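Written below as structure tokens is the structure these notes are about.
The values are calculated or read from the model by the stated rules, or taken from the named source; none is laboratory data. For clarity, every value in this text was computed on a predicted model and none was experimentally measured. Every residue, glycine as well, gets a Cβ built from its backbone with ideal geometry; the counts of neighbours run over all protein chains shown.
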Amino acid sequence: MALLLDIVGWSLLALGSVMLLIGGIGLVRLPEVFSRMHAAGIIDTLGAGAILAGLMIEAGLTLVTVKLALIVIFILFTSPTATHALARAALHGGVRLPQDRPGAPEDELPGPGEQSSKT
């Protein structure tokens with residue numbers, strides 16, 4: 001049973017590390033601020049959660065596990081909130097959405113209060 005817990009724990013640690021690596025690459029490679037926030041907000045939250053879950057399995061049923069669970073809960077609440085605040089600050093700061101830029105393809109969905117042109 002201990003071997004199975006070690007395998008699951010180390011698998012979660014490896015999965016979380018790969019997710020964080022992908023998120024870091026996304027921060028460097030993605031073209032605009034909103035795409036970069038998506039990489040940071042989602043991938044890093046999942047990566048940190050997987051790493052902390054792996055650490056909880058490795059720690060066993062101790063006070064350390066309770067502290068790690070509290071850290072997971074804290075990250076799950078703060079990371080999306082911080083990403084949302086950054087996105088709103090970028091919009092209010094004048095960063096344009098990709099569909100608002102010249103040469104961007106038209107959106108097929110009607111906006112608020114508009115009728116669909118396809119009948």
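Considering (1) over 14 Å from the mean Cα position of the chain (by Cα); (2) touching a residue at least 40 places away in the same chain (Cβ under 8 Å), say which one residue 40 fails and leave the rest.
Answer for residue 40: the failing condition is (1).
Inside segment 63-79, can you point out the residues that are under 18 Å from residue 10 (Cα atoms) and either polar (S, T, N, Q) or touching a strand residue (DSSP E or B) at 6+ places or on another chain (Cβ under 9 Å) (or both)?
65
Which residue pairs have Cβ atoms under 8 Å apart, sit 6 or more places apart or on different chains, and have a first residue in segment 71-85 that is under 9 Å from residue 45 (Cα atoms) and a second that is of a type in the set (Asp, Glu) and surrounded by 14 or more Cβ atoms within 10 Å (Cβ to Cβ)?
79/44
Being more than 15 Å from residue 32 (Cβ to Cβ) and at pLDDT 85 or above is the filter here, so list the residues in segment 90-114 that pass it.
92
Look at residue 23 and say whether it is surrounded by 18 or more Cβ atoms within 10 Å (Cβ to Cβ) and within 30 Å of residue 2 (Cβ to Cβ). Steps first, answer last, please.
Details: surrounded by 18 or more Cβ atoms within 10 Å (Cβ to Cβ): yes; within 30 Å of residue 2 (Cβ to Cβ): no.
So residue 23 fails the test.
Rundown of residues vs (1) surrounded by 19 or more Cβ atoms within 10 Å (Cβ to Cβ); (2) out of contact with any helix residue (DSSP H, G or I) (no Cβ under 9 Å at 6 or more places or on another chain), yes/no style:
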{"residue": "36", "(1), (2)": "no, no"}
{"residue": "51", "(1), (2)": "yes, no"}
{"residue": "54", "(1), (2)": "yes, no"}
{"residue": "58", "(1), (2)": "no, no"}
{"residue": "61", "(1), (2)": "no, yes"}
{"residue": "64", "(1), (2)": "no, no"}
{"residue": "70", "(1), (2)": "no, yes"}
{"residue": "75", "(1), (2)": "no, no"}
